[in-house]
């Protein structure tokens with residue numbers, strides 16, 4: 001059974017339908033060639049290449065997005081992350097992001113850019129839709145995608161769910177005893193929050209976000225301490241293409257072995273800036289090793305030294321959002337999904353983009369193209385549409 005779509009007046013939706021503007025989508029089974037899960041950088045790149053390859057919106061493919069608006073995870077970024085401070089943002093394929101004010105919030109700039117992109121290339125993004133599980137449909141080699149808006153039957157799935165929905169909180173002895181506030185990058189409200197102004201703050205994490213948080217919070221806090229599990233590696237000078245390929249290859253090696261991926265940023269080091277040099281000279285950007293215990297009013301190191309804290313800010317990264325793929329049993333004993341390119345080795349109908357080596361914005365663009373190329377080969381010449389361009393799609 002295919003889902004029925006009809007146009008009605010507001011408020012006229014039946015009990016089995018949901019209003020999207022003036023459109024009601026009646027729940028049921030809809031058959032498509034490809035379902036793309038997620039409409040961030042990786043998902044939109046994949047959708048662009050599907051259209052360019054001849055897959056039509058509707059019966060050809062659909063994009064299901066959990067977020068309430070265009071922008072992927074960018075729409076949830078903290079307000080002080082301006083576009084000018086974004087690290088390594090690459091344009092989506094086929095449409096550059098030009099003329100953006102570097103002083104504006106990155107959430108606004110990139111959210112508006114993604115919205116224009118969806119309109120220009122007429123990408124069929126349905127939101128908000130929660131994908132609950134993907135499993136074998138048991139017939140004709142298809143996959144069943146179960147969601148909050150009904151079910152889809154697909155010949156292939158491109159998973160582009162990223163990591164934002166799954167922040168990683170390390171478990172430390174005594175963590176539940178802490179009487180202050182504990183926040184994660186995923187819920188970082190900006191430095192002017194009461195959690196930081198005039199407070200004693202511990203920032204935990206060795207990535208770019210941790211350093212950005214630390215430098216902001218240090219301006220308003222009474223005192224800060226920066227803690228990392230491993231000594232940070234600072235990178236001087238430009239990051240060239242050869243270094244980028246070497247970094248990506250390290251991440252690719254892990255996913256080929258079925259191990260949980262590390263981020264590309266974790267193997268590139270932290271780019272040293274003038275602001276960071278000043279912070280280091282001022283004693284702010286001085287790293288301490290990881291504490292081993294959390295007390296009611298702070299943290300404690302193995303030698304017994306302590307720091308009394310009001311707030312613990314965990315900038316400890318994220319993990320891939322892939323639990324909805326669990327029914328397919330894609331994980332290896334090492335805990336990750338073993339991949340060849342973007343294709344899952346255990347199920348070639350499933351491609352992961354924005355996962356592991358393609359977790360950067362430029363990597364996501366390339367992965368979207370690669371996934372579509374492999375899916376065309378999987379579906380075969382008789383089952384895949386003829387390639388065509390999408391440059392003539394309606395402009396924003």
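When 19, 26, 86 are screened for being farther than 22 Å from residue 137 by Cβ, more than 16 Å from the chain's Cα centre (by Cα), surrounded by 14 or more Cβ atoms within 10 Å (Cβ to Cβ) and modelled with pLDDT under 90, only 19 passes. Pull up the stretch 139-161, narrow it to residues that are surrounded by 19 or more Cβ atoms within 10 Å (Cβ to Cβ) and assigned to a loop (DSSP other than H, G, I, E, B), then point me to the one that is farthest from the chain's Cα centre (by Cα). Per the criteria, the residue is 149.
Once the stretch 267-286 is narrowed to residues that are outside any loop (DSSP other than H, G, I, E, B) and surrounded by fewer than 17 Cβ atoms within 10 Å (Cβ to Cβ), the residue that is farthest from the chain's Cα centre (by Cα) is 281.
When the stretch 287-310 is filtered for residues that are surrounded by 13 or more Cβ atoms within 10 Å (Cβ to Cβ) and either in contact with a helix residue (DSSP H, G or I) (Cβ under 8 Å, 6 or more places away or on another chain) or not in a strand (DSSP E or B) (or both), the ones remaining, listed by number, are 290, 291, 292, 294, 295, 297, 301, 309, 310. Say whether the condition of being assigned to a loop (DSSP other than H, G, I, E, B), in the same structural domain as residue 330 (by TED's automatic domain parsing), out of contact with any strand residue (DSSP E or B) (no Cβ under 6 Å at 6 or more places or on another chain) and modelled with pLDDT under 95 is met by at least one residue in the stretch 128-137. No, that holds for no residue. Residues in the stretch 60-78 that are in contact with a strand residue (DSSP E or B) (Cβ under 6 Å, 6 or more places away or on another chain) and in a loop (DSSP other than H, G, I, E, B) were compared, and the one that is farthest from residue 207 (Cα to Cα) is 60.
Mind checking which residues of the stretch 293-330 are within 30 Å of the chain's Cα centre (by Cα) and closer than 18 Å to residue 228 by Cβ? Hits for the stretch 293-330 are 294, 311, 312, 313, 314, 315, 316, 317, 318.
Looking only at residues of the stretch 224-242 that are farther than 25 Å from residue 319 by Cβ and surrounded by 14 or more Cβ atoms within 10 Å (Cβ to Cβ), we find that the one that is modelled with the lowest pLDDT is 234.
The values are calculated or read from the model by the stated rules, or taken from the named source; none is laboratory data. None of these values were measured; they are calculated from a predicted model. Don't worry about glycine lacking a Cβ; one is built from the backbone with ideal geometry, like all the others, and counts go over all protein chains shown.
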